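Here's the structure, in structure tokens; my notes come after.
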Amino acid sequence: MNNEIVDLHLNDPQVRKTWEDFLTSLGITDFQSQETDAIDFTLGIYEGDKLVATGSAAGNILKYIGVCNKGVDQGSRFNTIVSALISRLFQQQIFHLFVFTKLKYSDSFQHVGFHELAHSDVAALLETGDSSIDDYLKAIPRVDDQTNKRVAGIVMNANPFTRGHRYLVEQAAGENDVVYVFVVNTDASLFTTAERFELVKQGTADLKNVIVVNGGDYMVSYATFPAYFLPTPDQQVDYQTTLDARIFRDRIAPALNIKTRYLGTEPLSRTTGIYNQVLQRELPPQVAVKIVDRKTTDDGTIVTATAVRKAIADDQLDSLAALLPPSTTNFINQHLDSLQFRIKKGMNINGN
């Protein structure tokens with residue numbers, strides 16, 4: 001095989017070893033299951049029997065792109081492998097693509113049609129395809145004279161929507177003319193995106209200045225950020241959250257006149273605690289950060305979605321009334337068998 005695009009079947013141990021050895025030689029060494037299990041397909045280019053380029057796709061995200069340029073024009077193999085990935089995804093009717101990459105490779109992706117959304121000192125997020133962040137922002141509802149309104153934003157996973165989430169939204173709604181609640185769009189949670197979105201809408205329906213919005217591809221959750229090219233977990237979290245914060249600060253907030261981002265205090269989750277710290281570092285002065293103490297039950301217990309998911313798993317629904325608004329309680333009662341089946345099938349109920 002000479003410079004042909006071929007499929008690499010990573011379930012073949014020898015192919016997998018060749019692939020990992022090649023990427024390791026380029027400085028990519030993280031092949032944890034949380035990164036590799038999401039891969040839908042992998043392509044490669046061989047020079048003789050030697051792998052000289054590879055790239056993978058997970059959903060609409062390109063990842064594990066590595067190229068050896070020895071003996072060829074700079075950029076030629078990179079262009080070939082990226083173009084092949086894009087072509088394959090287009091054939092699968094996936095037309096809006098993202099790549100997370102080291103900052104030094106941002107220009108290379110821009111040369112093949114990607115547009116940079118944000119970057120940090122070490123990494124960049126880019127997109128290409130038939131839609132863009134501008135299209136996403138244009139579709140979000142506005143109110144009359146919004147540029148002269150006090151506008152706030154909240155981003156939540158709401159897995160599921162609890163009295164704690166409701167309390168945070170109430171605080172923002174009482175202090176602003178308009179509040180956007182962005183629901184993270186990823187189906188890596190016990191409750192699907194559609195379910196979480198509907199529960200947030202139902203749980204805030206009486207708050208007339210609240211607009212619930214699907215976070216689309218731009219309120220990025222931890223589950224979708226490839227971080228295999230960064231060496232330590234702390235660096236990975238910082239890189240992920242920095243990009244997320246800068247997209248919100250530089251693209252989303254100005255378009256909607258959002259001046260304040262509301263956060264709940266985070267005494268329990270280290271990852272979310274770091275996320276909050278990064279938001280406080282990155283958003284001001286363009287976007288003020290207001291931190292609201294977490295809601296507690298009458299006995300002082302912090303209201304968390306994690307406790308709700310555990311109660312579902314343990315079939316301890318009597319404890320949920322103090323944690324949930326009626327709309328979420330009703331949904332769980334009506335769909336308990338389905339939720340418990342998802343857990344039995346291996347859905348992770350830990351995390352946020």
Quick one: putting +1 on the C-beta of Lys and Arg, -1 on the C-beta of Asp and Glu, what dipole do you get for the chain around its Cα centre, in Debye to the nearest 20? 560
Pairwise label distance in nanometres, residue 79 with residue 29, each label 7 Å out on the Cα-Cβ vector: 3.3
Stokes-Einstein diffusion coefficient for segment 138-344 at 25 °C in a medium of 0.890 mPa s, Rh from the Kirkwood formula over Cα pairs: what value in µm²/s? 138
1/(1 + (r/R0)^6) with r = Cβ-Cβ of residue 250 and residue 14, R0 = 56 Å, i.e. FRET efficiency to nearest 0.05, evaluates to 0.80
Using a Förster distance of 51 Å, the FRET efficiency for residue 146-residue 49 (Cβ separation, nearest 0.05): 0.25
Residues 94, 312 arranged by fewest to most Cβ contacts within 10 Å: 94, 312
Between residue 131 and residue 316, what FRET efficiency comes out of the Förster formula 1/(1 + (r/R0)^6) with R0 = 56 Å and r the beta carbon distance, rounded to 0.05? 0.85
Subtracting the Cα-Cα distance from 0.36 nm times the residue separation, let me have the gained length for residue 72 to residue 192 in nm, one decimal. 38.6 nm
Looking at the chain as a GNM with Cα springs under 10 Å, which of 33, 131, 319 has the largest mean-square fluctuation? 33
The answer for trypsin sites (Lys or Arg not before Pro) in segment 45-123 that fall in a DSSP coil and have at most 10 neighbouring Cβ atoms within 10 Å is 70
Please state the shape class of segment 2-130: rounded when a/c is under 1.5, otherwise prolate if a/b exceeds b/c and oblate if not, all from the C-alpha gyration tensor. rounded
Suppose only helical runs count, i.e. DSSP H with n ≥ 4. What mean residue ellipticity at 222 nm does that imply for the chain under -39500 (n - 2.57) per run, divided by all residues and rounded to the nearest 500 deg cm²/dmol? -10500 deg cm²/dmol
Just the ratio, please: alpha-carbon radius of gyration of the chain over 2.2 N^0.38 Å, N its number of residues. 1.08
So for segment 41-174, if I pair up every lysine 8 or more residues apart or on another chain, how many of those pairs have alpha-carbons under 23 Å apart? 7
List the lysines whose Cα lies under 25 Å from the Cα of residue 295, skipping any in the same chain that are fewer than 8 positions away. 201, 208, 259, 310
Charges only on Cβ, +1 for Lys and Arg, -1 for Asp and Glu: so what's the dipole of segment 138-344 about the Cα centre, in debye to the nearest 20? 460
Cβ-based charge dipole, the chain, positive-most Cα from 24, 182, 81: 182
Simple spin-label estimate for residue 2 and residue 301 in nanometres, 7 Å along Cα-Cβ: 7.0
Measure of compaction for segment 1-69 (Cα Rg per 2.2 N^0.38 Å): 1.02
Residue by residue through segment 275-281, which ³J(HN,Hα) values in whole Hz follow from phi under the Karplus form 6.51 cos²θ - 1.76 cosθ + 1.60 (θ = phi - 60°), with glycine and proline marked x? 4, 4, 5, 5, 4, 5, 7
For the pair residue 293 and residue 336, how long in nm is the line joining their label points, each one 7 Å along Cα→Cβ? 3.4
Taking the chain as the reference, fit the longest principal axis to its C-alpha atoms, fit the long axis of helix 193-203 to the helix C-alpha atoms, and give the angle between the two in degrees, 0 to 90, nearest 10. 20
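Values in this text are rule-based calculations from the coordinates and carry no lab data. What you see is a predicted model, and the numbers here were worked out from it, not measured in a lab. Cβ atoms come from the backbone with ideal geometry, glycine included; neighbour counts cover every protein chain shown.
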